[in-house]
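Heads up, the thing below is written out as structure tokens.
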Amino acid sequence: AQFGTVSGIQDLQDSFQTLSGSLLSNQALQAAGLVGLSVFVPAQEAWLPPEGEVTGAVLNPDGAKDITVGIYDFAGRLVRTVQAEGDAARAGFHWDGLDANGERAAPGFYELRAMGNVAGEIVALEPMVRGQVESVSIDRYSGALSLTVTGLGVVDLSKVRQIG
């Protein structure tokens, strides 16, 4: 009876291993369909390409009003402030790459700081940046999926807040 139990447990382990592999393969296949699509990922910084722009959104769970996104260089100087607009849960923003004087900002990374007004109090909000999925990879040890996103680098799939 004990040999039968041990054998049954081994068969169950083999079955779960096979099921796990199938689920991982299915998940990878579905994630591969993301290549070429846009995703929104929480980010405190954004990449401004040459002659490019930055598009994103601000998570607004408390229904803040007058949401703005400050764009700062890495010396901490304010480059430009843009207004975010949208519904109560999410407000979109767009930075055309110009500074406050209308000059083209240098390509590179810029810090994003989103602020809004909740009942007369200024609060910090979470900015998200939009980028295009270039590739999908699977960690060979953990099986975790990650995306390579233009301007954001490698992003864990669980961090993606919106697709498309």
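The values are calculated or read from the model by the stated rules, or taken from the named source; none is laboratory data. Since the structure is predicted, the reported quantities are computational estimates derived from the model, not experimental observations. Here the Cβ positions follow ideal geometry from the backbone for every residue, glycine too, while neighbour counts run over all protein chains shown. Keep in mind that these areas ignore ligands, DNA and RNA; they rest on the heavy atoms of the full protein, side chains included. Shrake-Rupley method; radii C 1.70, N 1.55, O 1.52, S 1.80 Å.
Tabulated values for the structure
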quantity	calculated
Solvent-accessible area, 1.4 Å probe, carbon plus sulfur percent, for the chain	53
Label-point gap, in nm, between R104 and A75 - each point 7 angstrom along Cα→Cβ	2.1
GluC sites (Glu not before Pro), loop per DSSP, at most 11 other Cβ atoms within 10 Å - longest free stretch of the chain	104-164
Residue-span extension gain [F16 to S135] - 0.36 nm each, minus C-alpha spacing	40.0 nm
Placed amide H near A105: partners under 5 Å, 5+ positions off or other chain	L98, D99
From phi via Karplus (6.51, -1.76, 1.60), per-residue ³J(HN,Hα) for segment 126-141 in Hz, x at Gly/Pro	8, x, 10, 10, 8, x, 9, 6, 9, 7, 10, 9, 10, 5, 6, 9
Net charge of Cβ neighbours under 11 Å - reference M128; Lys, Arg +1; Asp, Glu -1	+3
Using alpha-carbon coordinates, inclination of helix 2-32 to the longest axis of the chain, degrees	30
Mean accessible surface per residue for the chain, computed with a 1.4 Å probe while every protein chain stays in place, in Å²	60
Convex hull volume of the chain per residue (C-alpha atoms, cubic angstrom)	164
At R0 = 22 Å, FRET efficiency that the Cβ-Cβ distance of S142 and V35 yields, to 0.05	0.55
Cα lying deepest toward the dipole's positive end in the chain, options V35, M115, S137, charges on Cβ	S137
Inter-label distance, nm, simple model (7 Å from Cα along the C-beta direction), T5/E85	7.0
Net lengthening on full extension, V123/E51 (0.36 nm per residue, minus Cα-Cα)	22.7 nm
